[in-house]
Amino acid sequence: MTTEKVATPIDRQVLKRLDRLVAEKLFPNRSRAIQEAVEEQPSRLDHTRLAREAGKVDRRCEQKPAGEGLAGEAQGPES
């Protein structure tokens, strides 16, 4: 994986929290902690978006066609 350096301001309190995580050996250094957070965020956003879209589905409308399909299978193939 090719990496590039990025400079960005970060709140001092966030850095203190990162430093605690590094001190607790959860990350080898600040850079790795930030890199993992940045890599993880798009996945979380995708998951959240999928959950929002799934929440829009009207369960009654979805269940009716599914039930009709199963009822047809229970009768067997048409002759």
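The values are calculated or read from the model by the stated rules, or taken from the named source; none is laboratory data. What you see is a predicted model; the values in this text were computed from it and never measured. For neighbour counting, all protein chains shown are included, and Cβ atoms are generated from backbone atoms with ideal geometry for every residue, glycine included.
Key figures
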quantity: Evaluation of MET1 against (1) at pLDDT 80 or above; (2) more than 18 Å from the chain's Cα centre (by Cα) (one fails), failing number; calculated: (1)
quantity: Hits in region 12-31 - residues which are surrounded by 13 or more Cβ atoms within 10 Å (Cβ to Cβ) and basic (Lys, Arg); calculated: ARG30
quantity: Extreme residue, surrounded by the most Cβ atoms within 10 Å (Cβ to Cβ), among residues of region 32-66 that are part of a helix (DSSP H, G or I), of a type in the set (Asp, Glu) and at pLDDT 70 or above; calculated: GLU36
